[in-house]
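**Q** I have a structure I would like to understand better, so I am pasting it below and will then ask my questions one at a time.
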Amino acid sequence: MGAVDSGSGLETTSEWCNNRATFKFTRVPFFDSKLRAAIEFSFALKGGRRCSDKSRRNLMIPYSSITENIRVTVRPIYLDGQSDIINKRFVFGYFVRIENRSGSDVQLLRRHWYIHDANGKIQEVVGDGVIGQQPIISPGQSHEYNSFCVLETFSGFMEGYYLMERERGERFHVNIPKFDLQAAAN
């Protein structure tokens, strides 16, 4: 257990490991109890355990992009303990870090996601903020959150953008990097 300042106050973190991946979980109010339980259960089924400093490995592939000095990094993970192959339900978690490398505060106003499955089906998700928040991110600070999606196929990908606003009221889009979702990729 540790603590991380992600721009919205002190939040607790924990890490779980198995022989192939490390999952670092930041407790975010409003959303994370179901996702945390799903991931901890999934890792426990695979022989996972809480990580020690010596056993940390991070094999979740990070996908990053920078738009107007805002860096977005996403790390996806397949949640096999919550997935159901027979019923074509493949659950993926993803962990997002938004870093403000600019010289002024920015606020995340809206999100716009495109979720693609292997059959060409596209789900579009649009809404205010992320997980019920519209964080203000100061220069040199970051905001982290996690969420999940469900596909009907073994693989797919996600991409999108955030609508951000600078202190002066200028609005701009920040790209969310395209990232792959692959069942059993952990």
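The values are calculated or read from the model by the stated rules, or taken from the named source; none is laboratory data. Please read these numbers as outputs of a predicted model, since none were measured by experiment. Cβ: placed from backbone, ideal geometry, glycine included. Neighbour counts: every protein chain shown.
**Q** Can you pull out every residue in region 92-116 that is touching a Phe, Trp or Tyr at 6+ places or on another chain (Cβ under 9 Å) and charged (D, E, K, R)?
**A** Residues satisfying the conditions are R97, R110, R111.
**Q** Being in contact with a Phe, Trp or Tyr (Cβ under 8 Å, 6 or more places away or on another chain) and within 18 Å of A183 (Cα to Cα): is that true of R89 here?
**A** no
**Q** Could you tell me whether region 162-169 includes any residue that is free of Cβ contacts under 8 Å to residues at least 40 places away in the same chain and not aromatic (F, W, Y)?
**A** Scanning region 162-169 turns up at least one residue that is free of Cβ contacts under 8 Å to residues at least 40 places away in the same chain and not aromatic (F, W, Y).
**Q** Within region 162-186, how many residues turn out to be more than 16 Å from the chain's Cα centre (by Cα), in a strand (DSSP E or B) and crowded, with 17+ Cβ neighbours inside 10 Å?
**A** Residues flagged as more than 16 Å from the chain's Cα centre (by Cα), in a strand (DSSP E or B) and crowded, with 17+ Cβ neighbours inside 10 Å within region 162-186 amount to 3.
Conditions tested, residue by residue: (1) in a strand (DSSP E or B); (2) crowded, with 19+ Cβ neighbours inside 10 Å; (3) among the β-branched types (V, I, T).
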{"position": "I86", "(1), (2), (3)": "no, no, yes"}
{"position": "H112", "(1), (2), (3)": "yes, no, no"}
{"position": "V125", "(1), (2), (3)": "yes, no, yes"}
{"position": "E144", "(1), (2), (3)": "yes, yes, no"}
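**Q** Same structure, new question: Given the conditions (1) surrounded by 13 or more Cβ atoms within 10 Å (Cβ to Cβ); (2) modelled with pLDDT under 95; (3) not hydrophobic (A, V, I, L, M, F, W, C), which single one is not true for K54?
**A** (1)
**Q** Let me ask something else. Quick one: in region 128-140, which of the residues that are surrounded by fewer than 18 Cβ atoms within 10 Å (Cβ to Cβ) and at negative phi is modelled with the lowest pLDDT?
**A** Residue satisfying both the conditions and the ranking: Q133.
**Q** Restricting the search to region 88-101, which residues are farther than 30 Å from F154 by Cβ and either crowded, with 17+ Cβ neighbours inside 10 Å or in contact with a Leu (Cβ under 9 Å, 6 or more places away or on another chain) (or both)?
**A** Listed by number, the residues that qualify are E99, N100.
This table checks each residue for (1) at pLDDT below 95; (2) surrounded by 16 or more Cβ atoms within 10 Å (Cβ to Cβ); (3) assigned to a helix (DSSP H, G or I).
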| site | (1), (2), (3) |
| --- | --- |
| S42 | yes, yes, yes |
| N58 | yes, no, no |
| V72 | no, yes, no |
| L109 | no, no, no |
| N119 | no, no, no |
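**Q** I'd like the residue in region 76-116 that is within 20 Å of N146 (Cα to Cα) and charged (D, E, K, R) and, out of all such residues, is farthest from the chain's Cα centre (by Cα).
**A** Among those that are within 20 Å of N146 (Cα to Cα) and charged (D, E, K, R), it is R89.
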